[in-house]
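Visitor: Structure provided below as structure tokens; questions to follow.
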Amino acid sequence: MSAWGSAPTAVAFVPFTTVGGRRGRSWAGTSVGPVRQIHPDFRDEVEPLEVYPRDPRPRVGTRPWVMLNMVTSLDGATAAGPDRVSGALGGAGDRRVFRAVRASCDWIVVAAGTARAEGYRRPRVDAEVARVRAEAGRTPVPRLAVVTARGELDADAEMFATPPPGEEPVVVVAGRDADQDRLAALAGRAEVVMSQVPRPDPAEIVEVCARRGGDVVLVEGGPGFNGPFVAADLLDELCWSVAAVMVAGSSARLAHGPDVDFPRAFRLDRLLVDDESNLFGRWVRRR
Ligand SMILES: NC(=O)c1ccc[n+]([C@@H]2O[C@H](COP(=O)([O-])OP(=O)(O)OC[C@H]3O[C@@H](n4cnc5c(N)ncnc54)[C@H](OP(=O)(O)O)[C@@H]3O)[C@@H](O)[C@H]2O)c1
């Protein structure tokens, strides 16, 4: 059995459950114990679903608020395990926060690399999330946009199946030179929007979402896609889960790409911790 196949003592292995993105098998614990708040003040127990959707996320000028949600290990890995996915890092606490963050947005935007690696599915909501979203005036389910330069997406993927009644199709934002045959295969399964440039630009992607309605865009990676958002200074909020494990390996940092001209400063707005030492921070861009 490989090192990944034998769980360390006291850290159980969560059975694989795909939730339409990251967070399946996990090394970051299975406890469903309390989540405590340790900043800005101490609270013995908070329910992420009751706090994240209530955070203020005003439009920035005319554009929607843009959030990024990522999980890393203590040593900064964004993917781990034999499948090299983020699910190996996200434990039970992270799944609660992930659900709460998704409950707070109108759009989920994911790069094609992550959609392929993690087998992205259409977002789904449970009754509690639907209630919270309705209270905030959001549609029952956030819309999904997948961004590709080359157009290399599997038209038979679950996310392109006929949407349930009342839900819109997935939007595919494709690079100017994307494979036309691939895009033709998506006809009737997705709304395809062609970019003006070979690699869709973050501002353009946010605009594609904004034109279709909604005030909050959630970016879910991956790291190579996040870098251009940092460079464009388009991130207003970072929700960062730090799983209390070290995994070494060679996965990318949370965001990578060309150096930026000046650092983007953020303010710690909230820090939560679960009873397995996993941290859940919310940082807001200082503007
Ligand atoms: N820890 C976490 O929270 C987390 C979250 C997400 C992903 N991940 C992990 O990250 C890995 C995937 O990340 P990745 O960096 O390799 O790929 P990625 O950022 O998910 O995707 C890169 C792809 O996005 C498309 N793209 C379109 N416009 C782009 C632009 N302006 N800039 C960059 N890419 C653009 C291109 O697709 P085409 O190739 O189709 O042209 C490109 O190849 C996986 O291992 C995944 O499990 C971890």
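The values are calculated or read from the model by the stated rules, or taken from the named source; none is laboratory data. Remember, predicted model here, so these are calculated numbers, not experimental data. Cβ atoms come from the backbone with ideal geometry, glycine included; neighbour counts cover every protein chain shown.
Visitor: Of the residues that sit in region 75-94 and are modelled with pLDDT of 90 or more and surrounded by fewer than 23 Cβ atoms within 10 Å (Cβ to Cβ), which one is nearest to the ligand (Cβ to nearest atom)?
Guide: Here the residue is G76.
Visitor: Condition first: modelled with pLDDT under 95 and more than 9 Å from the ligand (Cβ to nearest atom). Now tell me which residues in region 97-119 satisfy that.
Guide: Result: G119, single match.
Visitor: Moving on to the next point. Determine whether region 135-156 contains at least one residue that is among the basic types (K, R), more than 16 Å from the ligand (Cβ to nearest atom) and more than 18 Å from R211 (Cα to Cα).
Guide: no
Visitor: Still on this structure, I have one more. Please specify each residue of region 227-246 satisfying the condition of being touching a strand residue (DSSP E or B) at 6+ places or on another chain (Cβ under 7 Å) and within 30 Å of E276 (Cα to Cα).
Guide: L235, D236, E237, L238, C239, W240, S241, V242, A243, V245, M246
Visitor: A further question follows. Please tell me if A255 is within 21 Å of T148 (Cβ to Cβ), of a type in the set (A, V, I, L, M), away from the ligand (no atom under 11 Å from the Cβ) and touching a Pro at 6+ places or on another chain (Cβ under 7 Å).
Guide: When the stated conditions are applied, A255 does not pass them.
Visitor: Name, by its number, the condition in (1) within 19 Å of the chain's Cα centre (by Cα); (2) in contact (Cβ under 8 Å) with a residue 24 or more places away in the chain that does not hold for L183.
Guide: Single failed check for L183: (1).
Visitor: Please indicate, with yes or no, whether at least one residue in region 60-68 is among the hydrophobic types (A, V, I, L, M, F, W, C), within 11 Å of the ligand (Cβ to nearest atom) and touching a residue at least 60 places away in the same chain (Cβ under 8 Å).
Guide: Yes.
Visitor: Please find, among P223, P169, the residue that is within 21 Å of the chain's Cα centre (by Cα), buried (at least 18 other Cβ atoms within 10 Å of the Cβ) and either over 17 Å from N69 (Cβ atoms) or more than 11 Å from the ligand (Cβ to nearest atom) (or both).
Guide: P169
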